[in-house]
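I have placed the structure first, in the form of structure tokens, so that the comments after it can refer back to it.
The values are calculated or read from the model by the stated rules, or taken from the named source; none is laboratory data. This one's a predicted model, so the numbers in the text were calculated from it and none came from an experiment. Positions of Cβ are backbone-derived with ideal geometry, glycine not excepted, and every protein chain shown enters the neighbour counts.
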Amino acid sequence: MGAHAEPSSGLSRWLYTTNHKDIGALYMWFSFAMFILGGAFAMVIRAELFQPGMQLIDPNFYNQMTTLHGLVMVFGAIMPAFVGLANWLIPVMIGAPDMALPRMNNLSFWLLPPTFLLLVSTLFMEGGAPGFGWTAYAPLSTTYAPPSVTFFIFAIHVMGASSIMGSINIIATIMNMRAPGMDYMKMPMFVWTWLITAFLLVAVMPVLAGAVTMMLMDIHFNTSFFSAAGGGDPVLYQHIFWFFGHPEVYIIILPAFGVISEIIPTFSRKPLFGYSSMVYATAAIAFMSFIVWAHHMYTVGMPIAGELFFMYATMLIAVPTGVKVFNWVTTMWRGSLSFETPMLFAIGFLVLFTIGGFSGLMLSIAPADFQYHDTYFVVAHFHYVMVAGAVFSITAGIYYWLPKMSGRMYNETMGKVHFWVSFVGFNITFFPQHFVGLAGMPRRVPDYALQFADFNMMSSIGAFIYGMSQVLFLYNVVATVVAGKLDNREKTWDGANGLEWTIPTPAPYHTFETPPKVVHNAVQ
Amino acid sequence: MQFSRNPVTDTSIKLFLFTCVMGASVFFVMIPLYNVLCDALGINGKTSGVAYTAMTTEVDTGREIQVQFITQNNSDMPWEFDPSTTIVRVNPGALNDTYFIAKNITDQHMIGQAVPSVSPSRAAEYFHKTECFCFESQPLDANSSVEMPLRFIIDKDLPNDIKTVTLSYTLFDITER
């Protein structure tokens, strides 16, 4: 390796780095910064909703908060966190020296910070930030949009380009750089879920880019893609958006499935139950994600045949998802369980994600959805799958691999406190939202009827608790990296399997410069 | 197909081309497909945007369909826009005439565009317009009004359970500014 053997020092190390571990770390730190920012927006929302009536902010700003909260959390926090884990872990899990396209890897990360600067800067522009929701439905996002919508569009374009580059890199790495003997059906589940996720990303990010390009043209170049007056159709926007948007929610959750599939076997001290069925279930979920998009828009006036098709197709996704949940539970069955922080978060994921899955099934019922549509029930549902699903699994993953990454052990007690405060805070926040939603409270409103006051106050208190618990997480991670107890065991967790646990701890800057001989089998 | 001898480059090129195809498909596949499906299935209550070339069909005198006309203005379109009659009873297969009245109450020359929608949406594909002001935009001088003709046939294949069909027009301001 010669000149590339050791990292250069100072800022240039991070700016010019092509090392997958450096870039993975950058992604994860960036994502945590965005998580804090998106969380701050959520705190503003919950503070306004603490009591009925208009208290703190005006309705326009409220709408900007919900919009930016959604965009920052989805595109800035959750997706980059998983890309960071992928960057750091996939090469060491498959025995590759680095990602396949290291320079493109650098570019795809460094596109992100300016992009989010662009997006968040709209808050300070005349007319304010976009306030049309992260879904950006036309004509709210075209005819009635603030001038800053153009910045939103460019931000989506650039973050899409970044995601596509990241995904091409991941696919190219997994398909071409596996160590000899690392067959596809021996790959760790995390690698499998990311392979499938990356395919989803390259398929649908261009669709989103197309949709926002049409918005751009409608706004600035007098086209009428989404304008009925010129022969276009605003409903077309919803179809295109959700053709992207539904696979997008699986892009968010599939890597989470991967992380959980690594952690549960470790702390059950048993191999993952039903490895191949996990792979097939993941592929089935990914395939079906392309044929269910219109369940987000049952109320636009589809023909009954369309409603039925999308309803049954959506319900069908519960089958492979159920297979996965069954396999995780069965992995734990009669295992020698221990409950370190990663396992707590994984079990929390399992319970809460399943609740989110059930409310998803309720929403999939077309006739019932006319009642639930655009209520807080939907908000409760997708926070159960996105926060308790994706965010819990990211947290679990960070605790799980942090000792390997840093060579230091995090504070277990603080980790457990973080889990319990998060778990309780999360449920206080979002469980009551099921009730107010079923009772008819619409989403994206800065004020609400008096009958919802108590549950909303509970939600807000829960949100503040959950928000504060993330500060504990940040402190724990920083304290570990800076001054945690040194721990140089190769296998931090005695039940862990996989190539990443065969390299020294902390992981050296370069690993697997000569491919390992794969004796490990992901199934065992 | 192989683009490069380096397998990593080869995979990357294929994936890049795939993203380009997906991006282009939004414009060149999804939109035409959506329009074709909407036309074919009458989704969204969209009626055909071109004139129906009337064939002499026999009139089904056995049943009468109630046809209602509704008009509305999009957002801040200032014209007055009304149907001449709000309800007619017609026989399927028969050719019917009616007209709508638009009045530009502003002091400026403006151009309007009416966009039709049929409810229930299942009826859209049986609502044939042989002549409609909605096929073209409607310029109107300041403070003038116009009678805009509509000539339509309700297809005699209209499902029997549909007794009432509502034709709604939304008038948009498409004046170039």
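A few points about this structure:
- Comparison of B:T106, B:T86, B:T166 shows that the only residue that is under 15 Å from the mean Cα position of the chain (by Cα) and either within 18 Å of B:D76 (Cα to Cα) or β-branched (V, I, T) (or both) is B:T166.
- Options A:V477, A:V482: the member that is surrounded by fewer than 13 Cβ atoms within 10 Å (Cβ to Cβ) and among the aliphatic types (A, V, I, L, M): A:V482
- Residue among A:V323, A:V292, A:V319, A:V329 that alone is within 17 Å of A:W242 (Cα to Cα) and aliphatic (A, V, I, L, M): A:V292
- Search result, residues across region B:1-31 that are of a type outside the set (A, V, I, L, M), closer than 14 Å to A:V204 by Cβ and under 30 Å from the mean Cα position of the chain (by Cα): B:G23, B:S25
- Of all residues in region A:327-353, those that are polar (S, T, N, Q) have Cβ atoms under 6 Å from Cβ atoms of residues that are assigned to a loop (DSSP other than H, G, I, E, B), 6 or more apart or on another chain, in A:N327/A:F273; A:N327/A:G274; A:T330/A:F273; A:T331/A:K270; A:T331/A:L272; A:T331/A:F273; A:S336/A:R269.
- Which numbered condition B:D157 misses (of (1) in contact (Cβ under 8 Å) with a residue 12 or more places away in the chain; (2) loosely packed, with under 13 Cβ neighbours inside 10 Å; (3) within 14 Å of chain A (Cβ to nearest Cβ)): (3)
- Candidate set from region B:154-176 (those that are out of contact with any Lys or Arg (no Cβ under 8 Å at 6 or more places or on another chain) and aliphatic (A, V, I, L, M)); member that is nearest to B:D82 (Cα to Cα): B:L171
- Region A:1-54, residues that are among the hydroxyl-bearing types (S, T, Y) and touching a Lys or Arg at 6+ places or on another chain (Cβ under 9 Å): A:T18
- When we screen A:F221, A:F267, A:F243 for residues that are more than 17 Å from the chain's Cα centre (by Cα) and surrounded by fewer than 21 Cβ atoms within 10 Å (Cβ to Cβ), the only hit is A:F221.
- Take the conditions (1) at pLDDT 85 or above; (2) crowded, with 16+ Cβ neighbours inside 10 Å; B:D97 misses just one of them, which is (2).
- Wholly enclosed strands (runs of 3 or more DSSP E) of region B:57-131 bearing at least 1 residues within 14 Å of chain A (Cβ to nearest Cβ): B:65-73, B:80-83, B:110-119
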